[in-house]
């Protein structure tokens, strides 16, 4: 039987400071980590307050960092980004604030680039089927359906 190491509040606080310093974290990730460390509720509260006061934990900064990474690197659309942030229990206010960081012209250009690349890979001679496959792909990437249909219509002549 494996015994769980117990941590003092100071040890746990230091460990979580390093955890937060490595990359931006959401409150839910911190709560999960504290649960793994078997901390009692009072200790969890103290540690979270400490992390917020010393600016290790900042939900708005996390949301902005998350949006930036998922949009610029993974080329995700707003819907997918929003859903992922909701899964991480980020407040709607912080989600909306973070999404404002994406410039509209950049967003549309990214959609066009992703659509063009995928369109070139779809081996389908029927334009309706090709449009459907491309639309489904772009919607699964989190782009809004009205923008997807406009982009696909411009790329694939019927």
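No lab work stands behind these numbers, since they all come straight from the coordinates. Fair warning: this is a prediction, and the values are worked out from it, not measured in the lab. Here Cβ is always computed from backbone atoms with ideal geometry, including for glycine, and neighbour counts include all displayed protein chains.
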Degrees between helix 104-121 axis and first principal axis of the chain (Cα, 0 to 90, nearest 10): 60 degrees
Gyration tensor (alpha-carbon) shape descriptor, the chain, a/c threshold 1.5: prolate
Selected from 70, 80, 130 as most flexible by GNM, with the chain as the system and alpha-carbon contacts under 10 Å: 130
Paramagnetic label zone (point 7 Å from Cα along Cα-to-C-beta, residue 117; backbone N under 11 Å) in the stretch 131-149: none
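Using the Cα gyration tensor of the stretch 94-138, with a ≥ b ≥ c the square roots of its eigenvalues, what is the shape: rounded (a/c below 1.5), prolate (a/b larger than b/c) or oblate (neither)?
Details: a/c = 4.18, a/b = 2.69, b/c = 1.55.
The shape class here is prolate.
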Peptide ranges 131-142, 34-45, 57-68 listed from the most packed, as the mean C-beta count within 10 angstrom indicates: 57-68, 131-142, 34-45
Computed P(r) (all Cα pairs; the stretch 40-99; 10 Å bins; percent): 22, 43, 25, 9, 0
Using alpha-carbon coordinates, inclination of helix 59-72 to the longest axis of the chain, degrees: 30 degrees
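Helix-derived [θ] at 222 nm for the chain: sum -39500 (n - 2.57) over DSSP H runs of at least 4, divide by residue count, nearest 500?
Values: 9 runs with 112 residues, N = 158.
Only helices count here, giving -22000 deg cm²/dmol.
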Angle in degrees between helix 41-53 and the longest Cα principal axis of the chain, rounded to the nearest 10: 70 degrees
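Compute the FRET efficiency between residue 55 and residue 132 as 1/(1 + (r/R0)^6), taking r as their Cβ-Cβ distance and R0 = 35 Å, and round to the nearest 0.05. Please list the in-between numbers first.
Working: r = 48 Å, r/R0 = 1.37.
That pair, residue 55 with residue 132, gives E of 0.15.
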Nearest-0.05 FRET efficiency for residue 79 and residue 31, computed from C-beta distance (R0 25 Å): 0.45
